[in-house]
Each structure stands twice: as structure tokens, then as C-alpha cells.
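What follows is calculated from the coordinates using simple rules that are stated; it is not laboratory data. No experiment lies behind these values; they were computed from the predicted model shown. Ideal geometry is used to build each Cβ from the backbone, glycine not excepted, and the neighbour counts take in all protein chains shown.
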Amino acid sequence: MAVFVLTDGLKKLIGTAEPPLLYKIEEGAIQRFARAVGDTNPTHNDVEFAAQSEFGRLKAPPSFIGWPVTSGFDMFQFVEKLIAAGAPRGNLDGSVEYEFKAPIGAGDMLVAVIKIANIEGKETRMGPTMVTTVETTYTNQRGQVALIARNQFLSF
Amino acid sequence: MAKQLYYEDVEVGSEITPLKKIATTRMLVQYAGASGDFNPLHYEEDFAKSLGVGKPIVHGLLKRAWLVNLMTDWIGEKGGLKKLSCRYRGMDYPRKMKTFDDPHDGETWLCKGKVTKKYVESEESLVECEIWVENGKGEKTTTGSALTALPSRAK
């Protein structure tokens, strides 16, 4: 029984944000994602169908956005930063929570702000574990917050 | 496409239409490419071993996407998914695949859920659900909840 103890370097990372990331939502990327998760809904797959729909263009499945694991974000670099500050090397996703505030579709330009909301030491089935809560807010080109994602990942 | 679900159609305890999914290593590679999640944990045997999970595992985020798919299929075009959360409780391992047509030697996952609460708030007809992914043995390896707004026949 041992709880992971945070280094001062890790404590300093709490509340810090990554440089904002610009994320352009492309038609083909939505289709490839829908196919990869087996979502056959034409609103995510069929451009002509989507054009006739109320939304008017291809809509991204709500799962299209990760947490921020997503094209354009260097997850490995992010994890290396935590490791450099004293985090254990092993990583697994623990849980994720989303608030979907506005639909996201082809042509949207999102700005993602990725913040380390919390880091704490715990004991899990993987042994002494560091739990990092990352909160990512995605704002669209109209200035609306489209999505908030909170992920907890485990380092052990 | 499925017919539209209305607020009046569901009661506490109502079951969400289950959704069947499979995962092969090929599908995990496809998901990696489509999502940008290139963690070798999902395709590299030795890497997975070094993390103590035995062998490559299904992406938690893919199981999450299955649960989103479960909800959006059920609520239909006029329903809105407002919140979804899930926790990864157990590892899932992809099927071994010998031919394109017959991915076998492995599990079929079932995404399921039921209504836990329904209420009207700020003129929105809201339905809360408990949702989960079951492996081939019937164990819940991912569990979570979802909040949706459904259209009402009254409007």
C-alpha cells in the first residue's frame, strides 16, 4: 500500500495550460473517424445527405474530439513533460467526461485550450499512481464553447 | 435510420437499444489513424507487456466512442447528447484476425444502458442514463452515464 507522492515540479504544473491549438475540422477526417468507430449515421458519412439536413453540412460524431488526444496534439511530448517533472513512466487512461455545448461540423475552426486542472497521488490497481486531470475547452470560430473534455489519466 | 425517440416514449428503467461491436487489431490501427491516438499500447505487444497489461488493449477512447454511438443511435436526429462520461474498469483485448471476412477468436462487445431519471428543466426534456460496455463474459469493462435532451410530443 503506497500512495504516489508528488514532487514540487509536478505541483507547479497544476493550473498550467499548453499553448492554444488550432484545430480545423475537415470533411474527410469526420468520415474516416465515423468509419473507424463503426458509426454508420449518414449525418457523419454522407456529404449530400448532410447538405440537405437542418445542420447543412457533415456533422462530427460527438466522440470525434478526444481529450485532447487528437490530430495536432503531441501527446508524447506532453507525457514527457510530466515525466521530466517526476511522473512515473507508465500511462493508462482512467476516465473521461464531456460536456457537448454546440455541434461541431466540417469547416469549423476550433481553438483548444488544454489545462492541467489537477494532479494527485493515489493508490490504484496499478500500484502507487499519479492521477492527472486534463481539462480541454474547444471554442469555435463563432466564439461559442463547443465542447469541454475532462480526462483523468493514470501514471504508474 | 431509426425512428425518432420522444421524451414521452421513455420511463425510468427503459432500456436503451443495445449496440453490438467488435474490435480487431486492424480496427484499432484504423482508430489510431482516424483519431490521432498513436499510443503503442494498442498495437505493440512488448510495449503493452512492459505496462503490465499483458498484450495490446482496445483504446478506452474507442469504447467511449461506442457509447456515444449507442446514445446518438437511440436519441435520433432530434435528440441532443449533452453530457457523457465513462470510466475504464477492465482491459479489453482485440480479436485475432485471420481473414478479412472472418475476424474470430475473440469477443463481441455489447453497449447497453437504461434510463435512470427524466425531468424537465429550463424547458428542456432531459433524460439521464446509465451506460456501459459488456465484454463477451458479460463483465462491464467500461461504465458511465449520459445526459440527453429529447424532443417532446407536447411541443
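If we sort B:118-125, B:3-10, A:34-41, A:105-112 on the protection proxy, mean other Cβ atoms within 10 Å, highest first, what's the order?
A:34-41, A:105-112, B:3-10, B:118-125
Quick one: putting +1 on the C-beta of Lys and Arg, -1 on the C-beta of Asp and Glu, what dipole do you get for the range B:21-130 around its Cα centre, in Debye to the nearest 20? Spell out each step's value before the answer.
On the way: 18 positive and 16 negative charges, 54 e Å.
Its charge dipole is roughly 260 debye.
Would you mind getting the Kirkwood hydrodynamic radius of the protein assembly as shown from its Cα pairs, rounded to one decimal in Å?
Evaluated on the protein assembly as shown, it is 20.3 Å.
Using a Cα distance threshold of under 26 Å, what count of lysine pairs results for chain A when pairs must be 8 or more residues apart or interchain?
Lysine pairs meeting both conditions in chain A amount to 14.
With n ≥ 4 as the cut-off for DSSP H runs, can you work out [θ] at 222 nm for chain A, using -39500 (n - 2.57) per run divided by the number of residues, rounded to the nearest 500? Mind dumping the intermediate values first?
Numbers: 5 runs with 37 residues, N = 156.
The helix-only estimate for chain A comes to -6000 deg cm²/dmol at 222 nm.
How many Cβ atoms of partner chains, on average, are near each residue of B:47-55 if near means within 10 Å of its Cβ?
That works out to 2 on average.
I'd like the orientation of helix A:27-37 relative to chain A: the angle between its Cα long axis and the longest Cα principal axis, in ° from 0 to 90, rounded to 10.
Its long axis makes an angle of about 60 degrees.
Please name whichever of B:SER50, B:GLY106, B:LEU67 sits farthest to the positive end of the charge dipole of chain B, dipole taken about the Cα centre and charges placed at Cβ: Lys and Arg +1, Asp and Glu -1.
B:SER50
Compare the peptides B:107-116, B:56-65 by average per-residue count of other Cβ atoms within 10 angstrom and give them in order, highest first.
Those peptides, ordered most packed to least, come out B:56-65, B:107-116.
Report the rotationally averaged projected area of chain A based on its alpha-carbon convex hull, in square nanometres.
It is 9.6 nm².
Name the residue from A:ILE65, A:ALA51, A:MET75 whose Cα lies farthest towards the positive end of the charge dipole of the range A:1-90, charges +1 on Cβ of Lys and Arg and -1 on Cβ of Asp and Glu.
It is A:MET75.
Suppose only helical runs count, i.e. DSSP H with n ≥ 4. What mean residue ellipticity at 222 nm does that imply for chain B under -39500 (n - 2.57) per run, divided by all residues and rounded to the nearest 500 deg cm²/dmol?
Working: 3 runs with 33 residues, N = 155.
When only DSSP H runs of four or more count, the value is -6500 deg cm²/dmol.
Rounding to the nearest 10 and keeping the result within 0 to 90°, find how far the Cα-based axis of helix B:60-75 lies from the longest principal axis of chain B.
Around 30 degrees separate the two axes.
For peptide A:99-108, how many partner chain Cβ atoms fall within 10 Å of a residue's Cβ, on average?
2
Treating only the Cβ atoms of Lys and Arg (+1) and Asp and Glu (-1) as charged, compute the dipole magnitude of the protein assembly as shown about its Cα centre; round to the nearest 20 debye.
So the dipole magnitude of the protein assembly as shown works out to roughly 340 debye.
If you keep only loop residues by DSSP, which trypsin sites (Lys or Arg not before Pro) in the range A:47-93 have at most 15 other Cβ atoms within 10 Å of their Cβ?
Numbers: sites: A:ARG57, A:LYS59, A:LYS81, A:ARG89; in loops: A:ARG57, A:ARG89.
The qualifying sites are A:ARG89.
Radius of gyration and Dmax for chain B's Cα atoms, expressed in Å?
Here Rg and the maximum Cα pair distance are 17.4, 58 Å.
Could you give the C-alpha radius of gyration of the range A:59-122 expressed as a fraction of 2.2 N^0.38 Å, taking N as the number of residues it contains?
Relative to the 2.2 N^0.38 Å estimate, the range A:59-122 comes out at 1.33.
Going by average Cβ neighbours within 10 Å, how do the peptides A:90-100, B:11-21 rank, with the highest at the top?
Peptide ranking by packing, descending: A:90-100, B:11-21.
For the range B:116-155, what percent of Cα pairs sit more than 13 Å apart?
Values: 470 of 780 pairs.
Counting pairs separated by more than 13 Å, the tail of P(r) holds 60 percent.
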